[in-house]
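Bear in mind these aren't lab numbers, they're just calculated from the coordinates by the rules spelled out. Since the model is a prediction, treat every value here as computed from it, not as a measurement. Ideal geometry is used to build each Cβ from the backbone, glycine not excepted, and the neighbour counts take in all protein chains shown.
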Amino acid sequence: MTLAAAAALAAPLAVAAPAPANASADASAAGAGGEFTVTALKFTVEAGGRSCTVDADLYRPAGVDAAHPAPAVLSTNGFGGSKSDASTAAAGKAFAARGYVGLVYSGLGFGKSGCLISLDDPRIDGKAASALVDFLAGERAADDGTKVDYVTADGEGDPRVGMIGGSYGGAIQLATAAVDHRVDALVPMITWHDLAYSLDPNNAADREVPGAAKWQWMNGFYLIGEGQPLLVPNLDPSRINRLDCLHFVTKACETIRTLNSGRYPADRTKELQEFARGVSPVSYLSEVKAPTLLVQGQADSLFNLNEAEATYKTLKAQGTPAKMIWQSWGHSGGVRDAASGELNLEAGNLESSYVGRRILAWFDRYLHLKKDVDTGPAFAYYRDWIDDPAHTYATASQPPALNRKLYLSGDGKLVDDRAKVARGSREYRNWLIPTSHSESSLAGMLGLPDPAPYDTKGTYLDWTTEPFTDAVDVAGAPKATLKVRSPRTERVQHSGDAADKLVLFAKLYDVAPDGTKTLVHRLVSPVRVPDVTKPFTVSLPGIVHRYEKGHRLRFVVAASDGAYLGNKGVKPVTVTSEPRDTGVLELPVVGR
């Protein structure tokens, strides 16, 4: 991957949006309905043991002053971006045009902000963002002496402030809210729950066993971070670490090197998992009290729907107000692949898109304190098979539950009754190179062509339903319970290096009557099997998909995938079925 490609990858990771306004006339020209001014500011903050600069832009709506204060919206960039990106500055522009005070800044380690890239660590990135909340509260000045006294206050030193942003600019909201309870509303978009899962997913129930590293995604981001001197000249000195880890905190580089090695000794595995989880919402959500509207993308192999659902369920269980939307677009293609009518701030469609209206209502309720505002249903999801833009979203009181079982038959069929299961055994084996392709992870972000998904004969097993007599709508994360035999794995799986355990990849295809296969959103479920002598459960990535009448569902277990690091050595696998003991696939079917 070239540095030019890395730079091209960076920008789409935030909420896509228009270029920044440099004068109030820009807002009128955009037809947003409000004028505002933009002032560049610098802040010196202490974060991660370093003193560094935060580069920010303050958006002030016309008519907002001490006598006429307004709530504030704080936002920052996606990974590799800055406050100057069209996709980042748009938040300041869009909300200032609607009467909010905006503060948009370059995250630590990006743009002209200092300090190392610390992966939205609440103790570092969250602390820096909290210093900006102090500024909005009027408790501190920018480096040039600028202070504000026109942000609505809930009390002395407590400004009314919300946050919005995507990906890297999404997790920072949760990190900030965990360390600063003055934050009043969050809208994290297409972001992560647990980086240990995001970058090295194991979809088996035992998450302590590492998974299969997403080498394409993680090395793309690593190159963006380490390549900062070529991407951004004249770096702040506080952004330099050491020669073997230039711009990340040291533990981030060590984690990437361990994942790339393909080895998982127990002590290093525990250490890297502790670090990745320590900078992730999974470790600090108990401290997040701010009402949170989660927006996650269905087309996203980096941070899938399962991550948002995990965050959502945790927040709900602890009593934090939370709602969730599954929109069409995510990292796999970005907003350029957004369906017609979907949120795209570059098109100025906050009011005209479903997600945009929900965001505006969220801020109306929790920043303007309009208690009569309807913030919408607890859960909503986009359906690409609906043509009418006014009805593309379905709603529910909670994510759908698993409610339909299919059984893996020994003859390769996927049947709806255990009694229909035929006895039989089939085998596949991996090669020392990948033999299945789901995606080239960076292709969608960079707008590059990507070969259609495929599996090489002899390196996978599949089970297929009969053609459906009616359309079947799946919305949520399917689950499979499997049992496999792999004597070669059994002999080495307790060696002390988790790399000796069996790796496999589960996925769902849609097979049309003419035989054309579609891997839904190119999503797969990597699994490093905890113990091949025992049954194990696989959580597949959440999907929203209609299997049309006459189509068939195909469940595939493959030995490898080119987007992931996989098995160490050749490990033949046998799957045996008989009515009383066979694999089960469970689906969350809606509209039954």
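How long is the gain from Lys42 to Lys457 if the chain were fully straight, where each residue apart is worth 0.36 nm and the alpha carbon distance is subtracted?
Details: separation 415, 0.36 × 415 = 149.40 nm, distance 5.86 nm.
So the chain would gain 143.5 nm between Lys42 and Lys457.
Using unit Cβ charges (K, R positive; D, E negative) and no other charged atoms, how large, in debye to the nearest 20, is the dipole of the chain about its Cα centre? All intermediate terms of the calculation are to be shown ahead of the outcome.
Values: 62 positive and 67 negative charges, 371 e Å.
So the magnitude is around 1780 debye.
Find which of Leu272, Ala96, Gly63 sits farthest along the positive direction of the dipole of the chain, computed with +1 on the beta-carbon of Lys and Arg, -1 on that of Asp and Glu, about the Cα centre.
Looking along the dipole axis, the top candidate is Leu272.
Where the convex hull is taken over the Cα atoms of the chain, what is its projected area averaged over directions, in nm²?
Mean shadow area of the hull around the Cα atoms is 26.1 nm².
Quick one: net charge of Gln493's neighbours, Cβ under 9 Å, K/R +1, D/E -1?
-1
Take the alpha carbon atoms of the stretch 314-351, find their center, do the same for the stretch 453-497, and report the distance between the two centers in whole angstrom.
30 Å
Beyond a 30 Å Cα-Cα separation, which of these cross-linked pairs lie in this structure: Lys289/Lys405; Lys270/Lys405; Lys517/Lys571?
Exceeds cut-off: Lys289/Lys405; Lys270/Lys405.
Work out, step by step, the length gained on full extension between Ser51 and Lys405: first 0.36 nm times the residue separation, then minus their alpha carbon distance; give nm to one decimal.
Here the answer is 121.8 nm.
So what are the three principal axis dimensions of the stretch 34-157 from its Cα atoms, in whole Å, longest to shortest?
Projected onto the principal axes, the Cα atoms of the stretch 34-157 cover 39, 32, 24 Å.
Between Ala66 and Ala141, with labels modelled 7 Å along Cα→Cβ, what's the label distance in nm to one decimal, could you check?
Those two pseudo-labels are separated by 1.5 nm.
Round to the nearest 0.05 the FRET efficiency obtained for Arg488 and Glu271 when R0 = 30 Å and r is the Cβ-Cβ distance.
Values: r = 29 Å, r/R0 = 0.95.
The computed FRET efficiency comes out at 0.55.
Any idea what the dipole of the stretch 129-272 comes to, in debye rounded to 20, about its Cα centre with Lys/Arg Cβ at +1 and Asp/Glu Cβ at -1? Don't jump to the answer; show the numbers that get you there.
Values: 13 positive and 20 negative charges, 133 e Å.
The dipole of the stretch 129-272 has a size of about 640 debye.
Net charge near Ile359, counting Lys/Arg +1 and Asp/Glu -1 over other residues with Cβ under 12 Å of its Cβ?
Net local charge, Ile359 excluded: +3.
Counting DSSP beta bridges in the stretch 93-214, what percent are antiparallel, to the nearest 5? Spell out each step's value before the answer.
Details: 2 of 8 bridges.
For the stretch 93-214, the DSSP antiparallel bridge percentage is about 25.
With a 10 Å radius around each residue's Cβ, average the other Cβ atoms per peptide and rank 496-507, 227-238, 156-167, highest first.
Highest-to-lowest ranking by the protection proxy: 156-167, 496-507, 227-238.
If I model a spin label as a point 7 Å beyond the Cα along the Cα-Cβ vector, how far apart are those points for Glu208 and Arg418 in nm?
Simple spin-label model gives 3.0 nm for this pair.
Tally the DSSP beta bridges in the chain and give the antiparallel ones as a percent, rounded to 5.
70 percent
Under a Cβ-only charge scheme (Lys and Arg +1, Asp and Glu -1), can you give me the dipole magnitude of the stretch 404-590 about the Cα centre, in debye to the nearest 20?
Rounded to the nearest 20 debye, it is 520 debye.
When the chain is fully extended, how far beyond the present Cα-Cα distance does Lys316 get from Thr516, taking 0.36 nm per residue of separation?
67.9 nm
Given H placed on each backbone N at 1.01 Å, which residues far from Gly114 in sequence or on other chains put an amide H within less than 5 Å of it?
Here Thr53, Val54, Asp55, Gly109 satisfy the definition.
Compare the peptides 181-193, 579-591 by average per-residue count of other Cβ atoms within 10 angstrom and give them in order, highest first.
Numbers: 181-193: 25.2, 579-591: 17.8.
Answer by packing, highest mean first, reads 181-193, 579-591.
Starting with the highest mean, order 557-564, 100-107 by the number of other Cβ atoms within 10 Å, averaged over the residues of each peptide.
Answer by packing, highest mean first, reads 100-107, 557-564.
Starting from the Cα of Lys370, step 7 Å along the direction of its Cβ; do the same at Arg257; then give the gap between the two resulting points in nm.
With each label placed 7 Å out from Cα toward Cβ, I get 5.4 nm.
Mind checking which of Ser51, Leu302, Ser118 is farthest towards the positive end of the chain's charge dipole, using Cβ charges of +1 (Lys, Arg) and -1 (Asp, Glu) about the Cα centre?
Leu302
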